[in-house]
Structures are given as C-alpha cells and as structure tokens.
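Down below is the structure, laid out as structure tokens.
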Amino acid sequence: MAHVRNLRTLLQSLCSETEGETVSVGELLNAVGRRAYGPGILLLGFIAISPLTIIPGANVLVALITLIFTMQMVIGRPYPWIPRKALEFSFPRKHMVAGVAMADKYVAQVDRFLKPRLTFLTQMPFVNLVALACVAAALVTLPLSFVPLGPVIPSLAILLFGLAITARDGFVIILAGASLVGACYVLMRVWAVLPFV
C-alpha cells in the first residue's frame, strides 16, 4: 500500500498495486489505503472523471460509494466501511491505465500547486464541513449522471476536496467549494428545463 501524499503517488499506486485485466473498487481502495478518508475521497473523485465512467451506471455507483464513504466521515467514524458488493464491482483495468496516462501530463503542475496552507480548514471541525460538502457533491452527481458530461463538475469538486485533505491545503478546499457551487448551478439549470417540472 502506497503512502499517498499527492495526486502523483495516488496514480502511481493505482498502477503499481494492481494487476490483471480487471480491477475492483476494493483493490483500488486497498492500493491507496482503505482506512484513510483523504486518499479515498481523492481516488473516488479521480475515478469519477476518468474513462472508467464510460461503463453504464458507473457514475451512479461511484456517487453512491462516495456518499456512503463521506457520510461516515461526517458522523466521525474513525475508519470508513464500504458494502462488500460495492467493493467487488470491477472495471477493465485498461480504462484505469488510460485515465492515469491521460492525467499524467497535468499531475506535475497540480502537485507543484499543492502545499500546506490554511491548514485549519483541513482539521476539525472544518473537516466535517468538507465531508458534508462531499456528500452534497455526491447527491448532485446522481441526477446529473443522466446528463451528458453532467457529473464532471461535482466529481471535480470531490477530487479537489480529496486533494485538499490529503495535502492539507485549505486553499484547495475553497476552490473545491467554488466547483460545488458551479455544480449546483448546473443542476438548477437542468432542472428548470426538464419537461415534467
């Protein structure tokens, strides 16, 4: 299991700690540390914006896992628990590897930007608010999963929240919050044009 400090170590661990033609959610969480909230949220955010989500229903599944994962953080559970059926869900590993390769050229720039600052925002009680924001992002993702590219903005917010907690960067929490506000705006616009409203 890799000690995840930033996006680069997360992506490296996904490739180095897994093998075979398919990879399960449980194997991915084991690769980054299933008992750590920050890397877990970071992983779920990465999955949600990666080619893995071309699989039908994957966006909904990842949003539900994120919801379960972060709700436990809200209530103060020391270690996250994920249902076995969710952990057993498998993706073609080639999609994950493609996502890692696609992100590689941006990773160095992202990691250079990260540094400990406004660290009080990554500690109690603010970290509970971050968890609530992740819950909100997961809930927003669910209806937007049925809209082309709809889940991208809330998933980006989840990714940023995971990065912020992992790197203890409170400024990134602010950026993630802005992304979540944008996702809520998109949801309201989509809701306004639905024929049954």
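The test for being of a type outside the set (S, T, N, Q) and free of Cβ contacts under 8 Å to residues at least 12 places away in the same chain holds for Arg77.
Just one of the listed residues (Phe126, Phe89, Phe161) is more than 24 Å from Ser50 (Cβ to Cβ) and not β-branched (Val, Ile, Thr), namely Phe126. Within the range 117-128, the residues that satisfy the criterion of being of a type outside the set (S, T, N, Q) and surrounded by 13 or more Cβ atoms within 10 Å (Cβ to Cβ) are Arg117, Leu118, Leu121, Phe126, Val127. Of the residues making up the range 1-27, those that are part of a helix (DSSP H, G or I), farther than 18 Å from Gln72 by Cβ and either touching a residue at least 24 places away in the same chain (Cβ under 8 Å) or of a type outside the set (D, E, K, R) (or both) are Leu7, Arg8, Thr9, Leu10, Leu11, Gln12, Ser13, Leu14, Cys15, Ser16. Looking across the range 94-116 at every residue that is of a type in the set (D, E, K, R) and exposed (fewer than 14 other Cβ atoms within 10 Å of the Cβ), the one that is nearest to Ala176 (Cα to Cα) is identified as Lys115.
Table: residues versus (1) among the aromatic types (Phe, Trp, Tyr); (2) over 23 Å from Gly40 (Cβ atoms).
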| position | (1), (2) |
| --- | --- |
| Ala131 | no, no |
| Pro143 | no, yes |
| Leu149 | no, yes |
| Ile165 | no, no |
| Phe171 | yes, no |
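Do the conditions hold for Ala164, that is, is it at pLDDT 85 or above and either within 14 Å of the chain's Cα centre (by Cα) or crowded, with 19+ Cβ neighbours inside 10 Å (or both)? So Ala164 passes the test.
The values are calculated or read from the model by the stated rules, or taken from the named source; none is laboratory data. Quantities reported herein were computed from a predicted structural model and do not represent experimental measurements. Neighbour counts are summed over all protein chains in view; Cβ atoms, including those assigned to glycine, are modelled from backbone coordinates with ideal geometry.
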